[in-house]
Amino acid sequence: MADDPLIATHTHRDIDQRGAMNTVERALSFTTGAALLFHGWRTGGLPGALEAAAGAYGVYRGAVGHCALKQALTPTPLEQQWSAEHHWPISAAITRSITINRPLDDIRTFISGPENLGPLLRWIDSVELIAPGTTRWTIRAPGGRRLHWTLVQTETAQTDKLHWKTSGTALWEHDVTVSLTPAPAGRGTQVKAIVVCKPTMGRVGYGLARAFSMFSDKALLNALQALKQQLETGEVSTNRLRPQDDDDFFYVHGSTEQVATDHATVKTGVAIEGGIH
Amino acid sequence: MRALTWQGPNKLQIDNVPDPSILNPRDAIIRVTLSSVCGSDLHLLGGYVPAMKPGDIIGHEFMGEIVEVGPGVTGLRKGDKVITISIIGCGNCEPCQRSDFSCCDNSNPNPSATDLMYGQPCCGIIGYSHAFGGYPGSHATYIRVPFADVNLFKVPEGVSDEQAVFVSDAAPTGYFAADNAGIQPGDTVAVWGCGGVGQMAICSAYLLGAERVIAIDRFPDRLRLAQEHGKAVTINYEKTNVHEALLELTGGRGPDRCIDCVGMEAHGTEIDYAYDKAKQMLRLHTERGTVLRQAIRACRKGGTVSVVGVYGGLLDKFPMGAIVNKALTLKSGQQPGQRYAPTLFEHIQKGELDPSYLLTHPMSLEDGAQGYQWFKEKTDQCLRAVFKP
């Protein structure tokens, strides 16, 4: 993707704003809203007030010509470009960047083996190397469930770019790219991760992916922070009192009455030679 | 072990909780011998910091004895008497390597909360909410300190426990405030707030070359301490118009350096205080900015306003026009005490600084809730209640 737009770019400069409504949509919104407003006004009471409020919003939306829902369901320029280049019907992308105070080669070597990342990430149960360049990931999901996926590393033209994609059996295909560039003034290495998924169910799936990105964005931030902590300090910070306490990934305390059962589940980093410098 | 835990706004209790253990190679376990209340804890108690959970152990200004160290800790061993800098640094990231330990990239296990609030993840702070890492605090029998080789300092000969405990937080915060102010010989420095941090800022301002310090508060006992221990000129803002007094004392120029040691729960007598209080109670904003506005308005043209009072969120009616048109410099931050601890111990050893007068109420940990109540209400002239777990 040469000259990629930033993921943070939400509109093309040469086209209308995302969420802009066409003439028919505006007319429909305006007239339907007006009808709801009138009917709600006549009905009265709480149901009537809610109906009138919905109608007023429809009138407002028709008048200004911008729909928040349409905007939320319209891919960004980068997502549109990705879809065109990869022949995906629709794409949803998230990104995070971080600067790690270590040489580029050290970081490339470390993350080239995704199995190194498993011990750093709180929500990952395991990362198993099942074939050269192929790893099986198991994560903890709400309700005590376990989710699995298989990542296949693929070659890239640039040595400072690493790329993985999910195997063909995944319900929602994912593509992960990590780019490494030297940070200015000797401040280490800039690491940019882009995760793109191919939602099923078209725009509805895209909307679901966007909603879920509130969590996946947080997970990506935590993952990059954990990588940075490991590579800069030799450990991953934790706030637990004892090994058996729960991680509070969502700021929820584990019970202080928990009994030690499995010290092997402690995940505060990995002992890697040269981790501390 | 026994621990003083936060259960909800203005509700503390003593609980039995599990002892901490070494989790990371650079951890140390400390048996806490002295643990002080701090004015910034009052923001947690009052419910103004949203990322608190019932059961959180509070407290971040403390000293004790090392009982265990991880395999990655060098230069420290079991039995050492140490103080801990409560703002955690890792020592390896770029901010730590330029001595900005309070900007550490790696010490917060919950980076997403401050990333959302402040734009980037902030450092971890012991006993100071889940936004700042969710680390259990020091009002307990034992505490686990991460990156011990960076955040623990041995108490040197000639320094008493009552002096050393405040090198954990109050003394470096006050010193940082004065250092940030860029004091030049002959400067007049105004300090708002004469609690523990304010007292240390006053003393530090003289150590860094101030000719005169003006201390502002409303409690006569605290103003008296500022006068006796800090040689400060004092202003009681309930009896005196602060702005007019500062201009009167400085030939109309205003103080060269203004230091805010009060923060988000400032009190005042003017209309803006009532406005702030009403909006804060309605949760329409989080800060009461009376002191900051006064400092910015009073500061001389081209001067510096240094802020170490805690602010957490959004402040209304911020006088940006005065900052621009008077060419003011505004500096702030959590204290990077790792930068200052050796210097502060030296000043104490030479008799140039004695923070022990801050300790007005030694108490047992079991009386922790009572201690906070006295501290909050300034009962019995309580400047600092310090617990002995």
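The values are calculated or read from the model by the stated rules, or taken from the named source; none is laboratory data. Worth saying up front: this structure is predicted, and the values here are computed from it rather than measured. Cβ sites come from the backbone with ideal geometry, for glycine too, and all protein chains shown count toward neighbours. Heavy atoms of the whole protein, side chains included, go into the accessibility calculation; ligands, DNA and RNA do not. Shrake-Rupley method; radii C 1.70, N 1.55, O 1.52, S 1.80 Å.
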Two-site FRET efficiency, A:D125 against B:M117, from Cβ-Cβ distance with R₀ of 22 Å, rounded to 0.05
0.15
Counting only residues 5 or more apart in sequence or on a different chain, those whose built amide H sits under 5 Å from that of A:T99 are A:V191
As computed over the protein assembly as shown, the Cα convex hull volume per residue (Å³)
200 Å³
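Which whole number gives the average count of other chain Cβ atoms within 10 Å of the Cβ atoms across peptide A:185-194?
Per residue, the number of nearby Cβ atoms from other chains is 1 on average.
With all protein chains present, how much of the accessible area of region B:1-141 (probe radius 1.4 Å) comes from carbon and sulfur, to the nearest whole percent? Before the final figure, lay out the partial values.
Details: 2140 of 4280 Å².
The nonpolar share, carbon plus sulfur, comes to 50 percent.
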Suppose a student asked you for the relative contact order of chain B, using Cα pairs under 8 Å spaced at least 6 residues apart; what percent would you report?
17 percent
Area accessible to solvent at A:M201, 1.4 Å probe radius, in Å²:
120 Å²
Over 20 Å, how big is the tail of the calculated P(r) for region A:91-238, in percent of all Cα pairs?
50 percent
Provide a whole-number value for the mean count of partner chain Cβ atoms within 10 Å of the Cβ atoms in peptide B:14-27.
5
Give the lysines reachable from B:K53 as a straight Cα distance under 23 Å; neighbours fewer than 8 places away on the same chain don't count.
A:K218, A:K267, B:K11, B:K376
Measure out, as a whole number of angstrom, how far apart the alpha-carbon centroids of region B:76-119 and region A:23-100 sit.
44 Å
Which residues does a label at A:E155 reach in region A:75-118, if reach means a backbone N under 19 Å from a point 7 Å past the Cα toward the Cβ?
A:109, A:112-113
Rounded to the nearest whole number, the per residue volume of the convex hull around the C-alpha atoms of region B:291-389 in Å³ is 178 Å³
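I need the trypsin sites (Lys or Arg not before Pro) found in region B:161-245, filtered to DSSP loop residues with at most 15 other beta carbons within 10 Å of theirs. Please report the intermediate quantities before stating the final value.
Working: sites: B:R212, B:R218, B:R222, B:R224, B:K231, B:K239; in loops: B:R218, B:K231, B:K239.
Filter output for region B:161-245: B:K231, B:K239.
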Which lysines have a Cα lying under 17 Å from the Cα of B:K279, excluding residues fewer than 8 positions away in the same chain?
B:K317
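Given the -39500 (n - 2.57) contribution per DSSP H run of 4+ residues, what per-residue ellipticity at 222 nm results for the protein assembly as shown, rounded to the nearest 500 deg cm²/dmol?
Numbers: 20 runs with 213 residues, N = 666.
Here the helix-only value at 222 nm equals -9500 deg cm²/dmol.
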Taking the Cα centre of each part, how many Å lie between region B:200-276 and region B:319-389?
16 Å
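How much accessible area is lost when chains A and B come together, counting both sides, with a 1.4 Å probe, in Å² rounded to the nearest 100?
Numbers: alone 16590 and 15660 Å², together 29250 Å².
Chains A and B together bury roughly 3000 Å² of accessible area.
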Multiplying the sequence separation of B:I271 and B:R98 by 0.36 nm and subtracting their Cα-Cα distance, what value in nm do you get?
58.0 nm
Across peptide B:110-119, how many C-beta atoms of other chains are within 10 Å of each residue C-beta, on average?
4
Using a cut-off of 15 Å between beta-carbons, work out the net charge of the residues near A:V204 (Lys and Arg +1, Asp and Glu -1, A:V204 not included).
+4
How much net charge surrounds A:S91 when only other residues with a Cβ under 11 Å from its Cβ are counted (Lys, Arg +1; Asp, Glu -1)?
-3
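Could you compute the FRET efficiency for B:L314 and A:S97, with r as their C-beta to C-beta distance and R0 at 22 Å, rounded to 0.05?
Details: r = 26 Å, r/R0 = 1.20.
Step by step, r from the Cβ atoms, then E = 0.25.
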For region B:289-303, Karplus couplings with θ = phi - 60° (6.51, -1.76, 1.60), whole Hz, Gly/Pro x:
x, 3, 5, 4, 5, 4, 5, 5, 5, 7, 4, 5, 4, x, x
Step through the residues of region A:84-89 one at a time and calculate ³J(HN,Hα) from phi using the Karplus curve (6.51 cos²θ - 1.76 cosθ + 1.60, θ = phi - 60°), rounding each to whole Hz and writing x for Gly and Pro.
5, 6, 10, 6, 9, x
Non-local residues with an amide H under 5 Å from the amide H of B:F147, with H modelled 1.01 Å from N and Pro and chain starts lacking one, are B:R26, B:D27
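When the chain is fully extended, how far beyond the present Cα-Cα distance does B:K301 get from B:L282, taking 0.36 nm per residue of separation? Could the numbers behind the result be given before it?
Working: separation 19, 0.36 × 19 = 6.84 nm, distance 3.56 nm.
Extra length available between B:K301 and B:L282 comes to 3.3 nm.
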Give me the distance in nm between label points sitting 7 Å out from Cα along the Cα-to-Cβ direction at A:L147 and A:V64, one decimal.
3.4 nm
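Please grab the % of Cα pairs in region A:109-168 that end up more than 18 Å from each other.
On the way: 651 of 1770 pairs.
Tail of the P(r) past 18 Å holds 37 percent of the pairs.
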B:K350: which lysines have alpha carbons under 29 Å from its alpha carbon, excluding same-chain residues fewer than 8 sequence positions away?
B:K78, B:K81, B:K154, B:K231, B:K388
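Can you give the longest stretch of chain B with no exposed loop site, where a site means GluC sites (Glu not before Pro) in a DSSP loop (not H, G, I, E or B) with at most 15 other C-beta atoms within 10 Å?
Numbers: sites that count: B:E157, B:E211, B:E238, B:E270, B:E352.
Answer - B:1-156.
Of all beta bridges DSSP finds with both residues in the protein assembly as shown, what is the antiparallel percent, to the nearest 5?
Counting DSSP beta bridges with both partners in the protein assembly as shown, the antiparallel share is about 75 percent.
Rounded to the nearest 5, what % of DSSP beta bridges with both residues in chain B are antiparallel? If you can, show how the numbers build up before the last one.
On the way: 30 of 56 bridges.
If we restrict to bridges inside chain B, about 55 percent are antiparallel.
For region B:106-181, state the average projected area of the convex hull of the C-alpha atoms over all orientations, rounded to one decimal in nm². Provide the component values of the computation, followed by the final result.
Working: hull surface 26.7 nm².
Averaged projected area of region B:106-181's Cα convex hull equals 6.7 nm².
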For the B:D19, B:T74 Cβ pair and Förster radius 22 Å, calculated FRET efficiency rounded to 0.05 is 0.35
